[in-house]
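Input: a single structure, listed below in structure tokens.
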Amino acid sequence: MKMVLDTGALYHAPLLRVLAEARQREVVPAAIEPVLPAIAHGERLRQLRRDGRPEAPWREHLEMAGVRIEPFDQHIAQRLAERDIPEHHWRKHARDYLIAAHAAGDCVAVTPDKGPAWSGLRVLPPEAATDFVRALLA
């Protein structure tokens, strides 16, 4: 199952730790495939630079957790285009919609956001996603 991580999920350190443990025990990617949409990746890089924090430790955490950066490709763009997004939602939540477009098929999105971009998708808050991965390790 694909686990699509939103930018907000990256602030929940226990999730990245338990994903790293799952990868070490070879549960990842056998049971779950954690992915970070390229848009969320860009958001987080911008935040790190804004805050004067180094990128290398964060990249190491992603690698240890087995998180794959997923590009925004033509198939994801098509999924986005097929959604009926009201213009006033798009103007306020465009990045969230771009990230949420990665969540399709057998997957779960991980985000603390309860905004309109995530409506109709299978969504877990970071704490519940952490518990889900821990259960796989039990």
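Here the relative contact order of the chain, from alpha carbon pairs under 8 Å that lie six or more residues apart, stands at 36 percent. The eigenvalues of the Cα gyration tensor, multiplied by 5 and square-rooted, give region 2-137 an equivalent ellipsoid with semi-axes of 24, 18, 13 Å from largest to smallest.
For Met3, Met64, what's the fewest-to-most ordering of other Cβ within 10 Å of each Cβ? Working shown, then result.
Working: Met3 25, Met64 15.
Sorted ascending by nearby Cβ count, the order is Met64, Met3.
Going by average Cβ neighbours within 10 Å, how do the peptides 70-83, 48-61 rank, with the highest at the top?
Details: 70-83: 13.0, 48-61: 11.1.
Sorting 70-83, 48-61 by mean packing, highest first, produces 70-83, 48-61.
Residue by residue, region 79-87 carries 3J(HN,Hα) couplings of 4, 4, 5, 7, 6, 8, 9, x, 4 Hz when phi is fed to the Karplus relation 6.51 cos²θ - 1.76 cosθ + 1.60 (θ = phi - 60°); x denotes Gly or Pro. The calculated Kirkwood hydrodynamic radius for region 1-62 is 12.3 Å, given to one decimal from all distinct C-alpha pairs. By the helix-only formula, in which each DSSP H run with n ≥ 4 contributes -39500 (n - 2.57) and the sum is divided by residues, the chain has a 222 nm mean residue ellipticity of -15500 deg cm²/dmol.
The C-alpha atoms of the chain define a longest principal axis, and helix 56-65 lies at about 80 degrees to it.
Read-outs: derived from the displayed coordinates by stated rules, not from any lab. All figures in this text were calculated on a predicted structure; none of them were measured in a lab. Positions of Cβ are backbone-derived with ideal geometry, glycine not excepted, and every protein chain shown enters the neighbour counts.
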